[in-house]
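Student: Below are the structure tokens for one structure; questions will follow.
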Amino acid sequence: MERISAEAFEDIYSEYSDRIYGYIFLLVNDKEVAEDLTQDTFIKAYKYMSQFNGESQIFTWLVRISRNVAIDYLRKKNRFKFFSIEKFQLQSDEETPTEIMIKGEKVTLLYEAIRHLKLSYQEVLILRKIKEFSIKETAEILNWNENKVKITTSRALAALKKELQKRGEIHEELIRIR
């Protein structure tokens, strides 16, 4: 793709920055860091826009860049955190406070267990089950083939179930395959 105008890139930024921020936040669990890494992602994207060949969607390409930026940051910090559940829970008007609390506790248990899985399992679960990317999109982002995404997702879910059992918490509804 040829160099695009600043205005066209602003449109790309406006359309995708919140979603990129959300993805990065899932990985780093820090608002300011996520904001900085989102900016870094778009700076890199603008710098390398000429290398975008259109084989994937622009959003998939941006997520791949943001993943690399976030992983670089996490490697430097030698840590990998998961996100705070409270910020992402949707509450129904029909749920009682007790139901909301129980749901929150279950989700917290789930994400604590995910946080203890190896990095490739965390990534595939975030992309496939939380961000709901397709197998093809996940493969593009992780630079894997589709079969590896399927196998790793299956193994990650099995490892997650084992981790939940190890903690004495197994809630089938939490790890249901959709």
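Student: Within the range 8-60, count every residue that is surrounded by fewer than 17 Cβ atoms within 10 Å (Cβ to Cβ), among the acidic types (Asp, Glu) and closer than 29 Å to Glu112 by Cβ.
Tutor: 4
Student: Which residues, counting only those in the range 24-66, are closer than 18 Å to Leu127 by Cβ, assigned to a helix (DSSP H, G or I) and out of contact with any helix residue (DSSP H, G or I) (no Cβ under 6 Å at 6 or more places or on another chain)?
Tutor: Ile58, Trp61
Student: Cβ-Cβ under 8 Å, sequence separation 6+ or interchain: first residue in the range 151-168 and in contact (Cβ under 8 Å) with a residue 24 or more places away in the chain and crowded, with 16+ Cβ neighbours inside 10 Å, partner among the aromatic types (Phe, Trp, Tyr) and outside any loop (DSSP other than H, G, I, E, B). Which pairs?
Tutor: Thr152/Tyr121; Ala156/Tyr121; Ala159/Tyr121; Leu160/Tyr121
Student: If you go through the range 90-142 one residue at a time, how many are closer than 21 Å to Glu163 by Cβ, modelled with pLDDT under 80 and outside any helix (DSSP H, G or I)?
Tutor: Total satisfying the criteria: 0.
The values are calculated or read from the model by the stated rules, or taken from the named source; none is laboratory data. Bear in mind the structure is a predicted one, so any value in this text is a computation, not a measurement. Positions of Cβ are generated from backbone atoms using ideal geometry, with glycine treated the same way; all protein chains shown enter the neighbour counts.
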